[in-house]
1. Can you name every residue in region 17-70 that is modelled with pLDDT of 95 or more and at positive phi?
2. Are there strands (runs of 3 or more DSSP E) fully within region 60-179 with at least 1 residues that are farther than 30 Å from CYS231 by Cα? List them.
3. Go through (1) free of Cβ contacts under 8 Å to residues at least 40 places away in the same chain; (2) surrounded by 15 or more Cβ atoms within 10 Å (Cβ to Cβ) one by one and return the number of the condition LEU246 breaks.
4. Give me the residue from region 249-270 that is touching a residue at least 24 places away in the same chain (Cβ under 8 Å) and within 10 Å of ligand 1 (Cβ to nearest atom) and, out of that set, nearest to LYS167 (Cα to Cα).
5. Considering only residues that are loosely packed, with under 15 Cβ neighbours inside 10 Å, among the polar types (S, T, N, Q) and assigned to a helix (DSSP H, G or I), which ones fall in region 2-15?
6. Go through region 283-370 and tell me which strands (runs of 3 or more DSSP E), entirely inside it, have 1 or more residues that are without any contact (Cβ under 8 Å) to a residue 24 or more places away in the chain and more than 18 Å from ALA30 (Cα to Cα).
7. In region 276-300, how many residues are buried (at least 24 other Cβ atoms within 10 Å of the Cβ) and out of contact with any strand residue (DSSP E or B) (no Cβ under 9 Å at 6 or more places or on another chain)?
Amino acid sequence: MNSLLQTLSCADGYDPDALPVGTAQALILAQLAPVPDFERGFVRCGLNRVLGEDVVAPVNVPAHDNSAMDGYALRHAELSAAGETRLAIVGSAYAGRAFEGHLPPGSALRIMTGAIVPEGLDTVVPQETVGVEGEIVIIPPGQRAGQHLRRAGEDLKAGQPALKAGKWLRPAEIGLLASLGQVEVTLRRRLRVAIFSTGDELCSIGTPLAPGQVYDSNRYTLWGMLTRLGCEVRDMGVVRDDPETLEAALAAAAKSSDVIITSGGVSVGEADFVRELMARLGEVAFWKIAMKPGRPMAFGRIGAAWLFGLPGNPVAVMVTFYQFVRPALQKMMGAEPTSLPTFRVPSLAALRKTPGRTEYLRGQMVQEDGEWRVQPTGAQGSGILRSMSEANCLIVLEHERGNVAVGDLVGVQTLDGLV
Ligand code: AMP
Ligand code: MG
């Protein structure tokens, strides 16, 4: 079998020193497979996780034909096409309390929303459109056969898959499972992801900053993004730029995790000892991706764990996570990997752009006269985390693109709502 590095180097257009974003995304996804383990859990435990089995509807939902309105159920064939029809009200049906009497010809049933429509009746007329005289209901002409009726099984048919394995469970799916009466579901097990930051200049929160130090923020953004993706995060702290410590951290992480995510230490000035070390422990490709921010990145495996060596700059960590790591983890979780949807909106600002790389600016989408537009959020340095915090989207300027003029359409990926 080919080694990972051989496989990568045989891929079309593979140039580790100038890899377009789309090529890197495809190379990563092609290597990964879903974790093979499943577990049973109560329906609510499934939120933000991936369904591990097809769920077949054991019953029709709804179980019976029922009324969509408060009104009168009747036989459409008994209505006069031209004028009013007078029908005898023979009883009432409530949600959860069916009418079980006889419905002779010429009769109508007072019915509430959600009540079973008895066999033989086929149409519901809303109460606000009828006249009532004692025990007689007067139906105006112009009713449509079958109106205001919810058919048995119109939501889900018994025996058909209601949800397929691989479905990401959102609130709608949790409710849908409950609507089928499911108590437990089979879930793909959570991914175990180890994270650590590398850098001699990093200081952990809770400790006073010494001169030249910065607080380690990457572990916190990574923890946040991973937690929202439903991963089990193992935070391994800060690892100094020292081969022995780094080797021990990588070996420990590889033993206990499906994925290792590091930040820092992969840029040109620092990569040498990391590269030598990672090459010894596993198979890792060092890429320069044609993108800004986020150019250097390492991808490979150490033992049974996949490794993502992200750049150190705080914005680059987030951008590379969303573009590469998120879809990769989704695939490992057993879900359909999704790239972030990209919409096109006019730019409120002129933007400088160098062709030959994909650029991700932090953007603020605003609504003006009912139309969405986007502007960059001030200084765009890849170390300026504030630009991410002020952003509600990433502005994506594609590989081949040059400068953008005011009013030109640009791609945006919304950050709000990202799981
Ligand atoms: P590196 O990729 O290690 O050369 O780091 C690039 C820049 O990102 C340097 O200015 C680092 O100080 C900064 N940096 C690296 N890791 C972190 C971190 N965990 N938190 C905050 N800043 C970091
Ligand atoms: Mg560093």
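The values are calculated or read from the model by the stated rules, or taken from the named source; none is laboratory data. All values derive from a computational prediction rather than experimental measurement. Glycine also receives a Cβ, built like all others from the backbone with ideal geometry; neighbour counts cover every protein chain displayed.
1. Correct list: empty.
2. 71-74, 85-93, 107-111, 123-126, 131-133, 136-139
3. (1)
4. Here the residue is THR262.
5. Once the filter is applied, which keeps residues that are loosely packed, with under 15 Cβ neighbours inside 10 Å, among the polar types (S, T, N, Q) and assigned to a helix (DSSP H, G or I), region 2-15 yields GLN6, SER9.
6. 358-368
7. Number satisfying all stated conditions: 0.
Listed here are the residues, each with its yes/no results for (1) under 24 Å from the mean Cα position of the chain (by Cα); (2) in contact (Cβ under 8 Å) with a residue 24 or more places away in the chain; (3) within 9 Å of ligand 1 (Cβ to nearest atom); (4) surrounded by fewer than 18 Cβ atoms within 10 Å (Cβ to Cβ).
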{"residue": "LEU177", "(1), (2), (3), (4)": "yes, yes, no, no"}
{"residue": "ARG189", "(1), (2), (3), (4)": "yes, yes, no, no"}
{"residue": "GLY199", "(1), (2), (3), (4)": "no, yes, yes, no"}
{"residue": "PRO208", "(1), (2), (3), (4)": "no, no, no, yes"}
{"residue": "PRO211", "(1), (2), (3), (4)": "no, no, no, yes"}
{"residue": "TYR220", "(1), (2), (3), (4)": "yes, no, yes, yes"}
